[in-house]
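> My questions all concern the structure below.
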Amino acid sequence: MSRKLTPFILLLLLAMLLAACGGSADEPETTDTTDTAADTTDTADEATDEEMTEEEMASMVEVFSWWTGGGEAAGLEAMIGVFAEKYPDIEFVNAAVAGGAGTNARAVLATRLQANDAPDSWQGHAGQELIGTYVAADQLEPVNFLFEENGWLEVMPETLIPLISQDGNIYSVPVNIHRANVLWYNPTVLSENGVDVPTSLAEWFTAMDALQAAGMDAPLAMGEQWTAMHLFETVLLASLGPDAYEALWDGSGDWGSAEVTAALNDYAKVLTYVNSDASALTWQDASQLVVNGDAAFNVMGDWAEGYFREIGFEPNTGYGWAAVPGTDGNFQFLSDSFVLPKGAPHRDAAIAWLTVAGSIEGQDAFNPVKGSIPARSDADRSLYGEYLLSAMDDWASDRVVGSLTHGVVANDAFKSEIDTALGLFLADGNIEGFQSALVAACSASGPCQ
Ligand code: GAL
């Protein structure tokens, strides 16, 4: 009998001990998951307080992005290098979360913001992602004072300022300009097959038919779903032209029009040339198919150039570039920019980071490696390679339109509905259903409301 009681008594003692410590064995987990946002932050702060002195806490900056590999991380590292030189006493905490176009990172960021656990600064796209999402949710501090102190209004492009402003307040510091509508191609594959670089959708289809006839099943490399959206926006631009493309985002265009039907048919045709394993590939995997000669073309933003260079390929021999067929003369752009959140845990350090992101040193360190052109107009051109010099010239002379996938033309709500419609279309190929879903998305969350 007494032997049977022993485990019971031990359990009793354990329970009494836990009660004396102020909780049951389950309690810590429950606290973590169900506490209010404010309580969770307090708990985290207490833990941090124990580990760090106040001075140590003031001397760090946590910066959030999705630049973890393939040219992107190297660009970020270069800018961190400039930061370390200018602010040797501030520890840089790189909170990047992997995943192209920020698909994973932005979900993590949303959860953190909801839990009142903002990083000190994060990467957000100029345009509707910034204004229609973060500013609309009242999550950011204006940074006009930084523009004034640093004279940035004189060197940042006039086209960009309205996209990062609302009611006279400027809400981010742009670090670059990327081009979305780039067709990357393998020069050897094209010349060996007697294929010219296509300049229209019709020429592109003919070129891809010729490559398929020569035995290349999938001449156009594509990756996971956001890269399908990226391809989609460039085909919309090619098919509709810049005026009708822009009208889709300001409410003056009709998503149900015959022109949009034609554009969706073009897109459906483009998809017939794509690799069947696209959904399993990252953008880097898809771009790599081109330089390896397994595909002839890839449509990707010019961060692909940073990647090609990082993995050892040379411009013109390893890879060539052109505007996506049918979009020459248009620069479909996006801009990476950093923000100052309300209640940044280390506000002064965040301001130090933003100062570097907007500086000529920061931008000239970051962009040549990242594969983007600087947002500032006074960059040192000698630091940039052939592709980026051509992008600088195009940016200065082309018609500029915004990217959907990378936050310029649609806020998160509208973009996410388009993404859902696109996902269904990729699975069922139903063009009519896709168009109705796009019409409905515009009415529910877009400018047609
Ligand atoms: C974009 C971002 C670029 C690049 C790309 C691929 O959204 O603006 O800087 O990171 O995603 O990850």
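The values are calculated or read from the model by the stated rules, or taken from the named source; none is laboratory data. Keep in mind that what you see is a predicted model, and the values were worked out from it rather than measured. Heads up, the Cβs are rebuilt from the backbone with ideal geometry, glycines too, and the neighbour counts pull from every protein chain shown. Keep in mind that these areas ignore ligands, DNA and RNA; they rest on the heavy atoms of the full protein, side chains included. Shrake-Rupley method; radii C 1.70, N 1.55, O 1.52, S 1.80 Å.
> Through the Karplus equation 6.51 cos²θ - 1.76 cosθ + 1.60, θ set to phi - 60°, convert the phi angles of the range 289-302 into ³J(HN,Hα) values in whole Hz; use x for Gly and Pro.
4, 6, 5, 7, x, 8, 9, 8, 9, 8, 9, 7, x, 7
> What residues have an amide H closer than 5 Å to that of M300, excluding those fewer than 5 places away on the same chain, when H is modeled at 1.01 Å from N in the peptide plane?
Here the answer is V182, W184, since their amide H atoms fall under 5 Å of that of M300.
> Under the Karplus relation 6.51 cos²θ - 1.76 cosθ + 1.60, θ = phi - 60°, what is the ordered set of whole-Hz ³J(HN,Hα) values for the range 198-212, x standing for Gly and Pro?
Running phi through 6.51 cos²θ - 1.76 cosθ + 1.60 with θ = phi - 60° gives x, 10, 9, 4, 4, 5, 5, 4, 4, 4, 6, 4, 5, 5, 5 Hz.
> Okay, moving on. Would you please give the residues with an amide H less than 5 Å from that of G402, counting only those at least 5 places away or on a separate chain, with H modeled from the backbone geometry?
Close amide H contacts, sequence-distant or interchain: F333.
> Can you tell me the accessible area per residue over the range 126-224, all protein chains present, probe 1.4 angstrom, in square angstrom? Write out the running numbers ahead of the final one.
Values: 3930 Å² over 99 residues.
Here the residues of the range 126-224 average 40 Å² of exposed surface.
> What's the Cα-based Rg to Rh of the range 259-376, Rh via Kirkwood?
Details: Rg = 18.5 Å, Rh = 17.4 Å.
Rg/Rh: 1.07.
> Determine ³J(HN,Hα), in whole Hz, for all residues of the range 439-444 in sequence, where each value follows from phi through the Karplus function 6.51 cos²θ - 1.76 cosθ + 1.60 and θ = phi - 60°; x replaces Gly and Pro.
Values per residue, Gly and Pro as x: 4, 5, 4, 5, 6, 6 Hz.
> Expressed as a rounded percentage, what relative contact order does the chain have, with Cα pairs under 8 Å and six or more residues apart? Mind showing how you got there, number by number?
Numbers: 742 pairs, mean separation 113.1, N = 449.
Once normalised by length, the contact order is 25 percent.
> Another question, then. Per 0.36 nm of contour for each residue apart, how much would the distance between D167 and A84 grow if the chain were fully extended, relative to their Cα-Cα spacing?
Additional length available on full extension: 26.4 nm.
> Please report, to two decimal places, log10 I(q)/I(0) for the range 107-231 at q = 0.15, 0.22 Å⁻¹ as given by the Debye formula with identical point scatterers on the Cα atoms and no solvent.
For the range 107-231 at q = 0.15, 0.22 Å⁻¹, log10 I(q)/I(0) is -0.82, -1.30.
> Turning to a different aspect of this structure: Calculate how steeply helix 347-358 sits against the longest principal axis of the alpha-carbon atoms of the chain, using the helix alpha-carbon long axis, and give the answer as 0 to 90 degrees to the nearest 10.
10 degrees
> Summing -39500 (n - 2.57) over the DSSP H runs of n ≥ 4 in the chain and dividing by its residue number, what mean residue ellipticity at 222 nm do you reach, to the nearest 500 deg cm²/dmol? Intermediate values should be presented prior to the final figure.
Values: 19 runs with 223 residues, N = 449.
For the chain, the value works out to -15500 deg cm²/dmol.
> Mind checking which of A344, G407, N316 is farthest towards the positive end of the range 297-416's charge dipole, using Cβ charges of +1 (Lys, Arg) and -1 (Asp, Glu) about the Cα centre?
Highest projection toward the positive end goes to A344.
> At a 1.4 Å probe radius, carbon and sulfur cover how many percent of the accessible area of the range 216-339? Could you put the intermediate results ahead of the total?
Working: 1740 of 3860 Å².
Carbon and sulfur atoms account for 45 percent of the accessible area of the range 216-339.
> Treat each spin label as a single point 7 Å out from the Cα along the C-beta direction, and report the V93 to N116 distance in nm.
1.8 nm
> For F338, which sequence-distant residues (separation of 5 or more, or a different chain) have an amide H within less than 5 Å of its own amide H, given hydrogens modelled in the peptide plane?
G124, V173, V175
> Kindly list the residues of the range 406-449 that lie in the label zone of R399, defined by a backbone N under 19 Å from the point 7 Å along the Cα-to-C-beta vector.
Of the residues in the range 406-449, 408-410 have backbone N under 19 Å from the label point off R399.
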